[in-house]
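The values are calculated or read from the model by the stated rules, or taken from the named source; none is laboratory data. Just so we're clear, the structure is a prediction, and the values are computed from it rather than from any experiment. Note that each Cβ is placed from the backbone with ideal geometry, even for glycine, and that neighbours are counted across all protein chains shown.
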Amino acid sequence: MSDIFEITYINPKEAFFYRTEGGMLVVEMAQVSYPEVIIRRTYPMSRPYEYLSVWTKDDKELGVIRHLDELDESSKHEIAVELKLRYVIPIVTHIHSIKEEPGIWSIKVKTDRGELELLMRNIHEHIQLIDSNRIIITDMEGKRCEIEDIQSLDQSSQKQLRKII
C-alpha cells in the first residue's frame, strides 16, 4: 500500500513553464500541458526557492520542485515572477520610528512599496528572526514587511531596530 503523503518530485529536465498570451502560467510535463498552474511555497520564510509545490487550477498537486535553480532559465524566470506576484512582502528600506505607547507598539517604516505603519501589542510576538540578519514583522492586522539584511539599513534605522532586538 502506498503512503498517501508520498511526495511526487517534478523532474526538472521534463518540466517547462511558460505564459499564455493572456499571462497565465502553464507547465508542460511528459507531453501534457497543464494550464493556469499555481506555485506555492512549502517553506515561504526559510526556503523560499526550494520545495515549490505546483498545483492545477482544480486544486490538484502535480508535484514539487526541489529547487528553482534546477529548472531551465526561462522556467526559472516565469516561476520567480509568479512567486513575486503571489507572495508580496514589502521590503523595509528605512525605519522612521519604533515607539511604545500605552498598550501598543508602533513601527513606522519606508518600504520598496511605500510608507507603512505597523501596530502591535507585544512587539516580540510579532517579530520573526529568520536568520541572524533577516527579520519578518507582522502586525495585529496581518500586515507584513521584511528586513532582508539588517546590516544594509542606514545607521539611524539600525539604531531604531536595536531598541527591540
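Brief remarks follow.
- Pairs linking a residue in the stretch 29-41 that is within 14 Å of Ser75 (Cβ to Cβ) to a residue that is surrounded by 13 or more Cβ atoms within 10 Å (Cβ to Cβ) and charged (D, E, K, R), with Cβ atoms under 7 Å and 6 or more positions apart or on different chains, are Ile39/Glu82.
- Within the set Pro48, Pro12, the sole residue that is under 30 Å from Glu117 (Cβ atoms) and not aliphatic (A, V, I, L, M) turns out to be Pro48.
- Evaluation of Ile7 against (1) touching a residue at least 40 places away in the same chain (Cβ under 8 Å); (2) exposed (fewer than 12 other Cβ atoms within 10 Å of the Cβ) (one fails), failing number: (2)
- Number of the exception - Asp72 against (1) acidic (Asp, Glu); (2) closer than 29 Å to Thr138 by Cβ; (3) in contact (Cβ under 8 Å) with a residue 12 or more places away in the chain: (2)
- Single unsatisfied condition, Ile164 versus (1) touching a helix residue (DSSP H, G or I) at 6+ places or on another chain (Cβ under 8 Å); (2) modelled with pLDDT of 90 or more: (2)
- Hey, Leu68 more than 30 Å from Arg134 (Cα to Cα) and at pLDDT 95 or above or not: no
- Annotation: Ser97 fulfils all but one of (1) farther than 23 Å from Glu148 by Cβ; (2) small (Gly, Ala, Ser); (3) at pLDDT 95 or above; the unmet one is (1).
- Restricting the search to strands (runs of 3 or more DSSP E) fully inside the stretch 1-117 and requiring at least 2 residues that are over 25 Å from Leu153 (Cβ atoms) and hydroxyl-bearing (Ser, Thr, Tyr) gives 32-34, 50-55.
For (1) more than 17 Å from the chain's Cα centre (by Cα); (2) outside the structural domain of Ser53 (by TED's automatic domain parsing); (3) loosely packed, with under 12 Cβ neighbours inside 10 Å, each residue gets a yes or a no:
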| residue | (1), (2), (3) |
| --- | --- |
| Leu68 | no, no, no |
| His96 | yes, yes, no |
| Asn122 | yes, yes, yes |
| Ser132 | yes, yes, yes |
| Gln151 | yes, yes, yes |
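- Among the residues of the stretch 20-49, the ones that are among the charged types (D, E, K, R), at pLDDT 90 or above and either surrounded by 15 or more Cβ atoms within 10 Å (Cβ to Cβ) or under 15 Å from Ile65 (Cα atoms) (or both) come to 3 in all.
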